[in-house]
Amino acid sequence: MRARENEGLVVVYGTGGHGKVIVDILLANGIRITGFLEDNPQKRGDEYGLKILGGAEWLKEAAGQTIAVALGIGDNFARRAVAERCIAAGASLLTAVHPSATIAASATVSPGIVIMPQAVVNADAVIRQGAIINTGAIVEHDCTVGDFAHLSPRAAIGGNVQVGDLSWLGMGSIVIPNRKVGTGSIIGAGATVIHDIGDWTVAVGTPAHVLKELEPRS
């Protein structure tokens, strides 16, 4: 569900800094926000001028209503877990796109993604479920950004780059055209990727080199 097309209740899941940015994006689109959801029971009351309604249990209590959830969680794995809980509860995932972002008409954007201010998604790019295209990030033509991946502010990927599910590209990192970043991998801030990066790998530097291998996570 796109932010400009929603009906029913709209909630932002997560009260941290990422959640606050999501609130700003929704407000910039003229969306009325019902409140926050937050799993930390110590966080209740108001946050950023909105009421914290509760945690995952609120979705069950609101069963039968039309609910759209914007994912306000920066951590890829936590965001995926929350998305799965929301879908299981019958809620839809809201796609939040800032009005200043540029998205090609031929690009594909999936449920639950966030595209932040000044970001660019060019022709025939595909942004899959739950991904984040952060402030000023660039996704060039024919790229694919996988499920619950995250391109940090000012990250840029050239044409026909494939970014795997759950991967994270640090601030200001660059991937040259026709390269692949594997599933669950991390590219350090400011790194320049000129060769394919495998799954579950941390790569840093210019040109990027493998720093260490990660334990695969399901």
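The values are calculated or read from the model by the stated rules, or taken from the named source; none is laboratory data. Nothing here was measured: the structure is a model prediction, and the numbers come from that model. Cβ sites come from the backbone with ideal geometry, for glycine too, and all protein chains shown count toward neighbours.
Just to be sure, is Ala68 out of contact with any Pro (no Cβ under 9 Å at 6 or more places or on another chain), small (Gly, Ala, Ser), under 19 Å from Gly112 (Cα atoms) and crowded, with 19+ Cβ neighbours inside 10 Å?
yes
Can you say whether Leu166 is touching a Gly at 6+ places or on another chain (Cβ under 6 Å), modelled with pLDDT of 95 or more and not polar (S, T, N, Q), as far as the supplied structure shows?
Considered against the rule, which asks whether it is touching a Gly at 6+ places or on another chain (Cβ under 6 Å), modelled with pLDDT of 95 or more and not polar (S, T, N, Q), Leu166 comes out as yes.
Is it true that Ala203 is out of contact with any helix residue (DSSP H, G or I) (no Cβ under 8 Å at 6 or more places or on another chain), in a loop (DSSP other than H, G, I, E, B), closer than 22 Å to Asp75 by Cα and of a type in the set (A, V, I, L, M)?
So Ala203 does not fit the description; no.
Do the conditions hold for Asn29, that is, is it surrounded by fewer than 22 Cβ atoms within 10 Å (Cβ to Cβ) and within 21 Å of Asn134 (Cα to Cα)?
For Asn29, the condition - surrounded by fewer than 22 Cβ atoms within 10 Å (Cβ to Cβ) and within 21 Å of Asn134 (Cα to Cα) - is met.
Report every pair of residues separated by at least 6 positions or lying on different chains whose Cβ atoms are under 6 Å apart, first residue within the stretch 137-165 and part of a loop (DSSP other than H, G, I, E, B), second among the hydroxyl-bearing types (Ser, Thr, Tyr).
Ala149/Ser167; Pro153/Thr135; Ala155/Ser173; Gly164/Thr183; Asp165/Thr183
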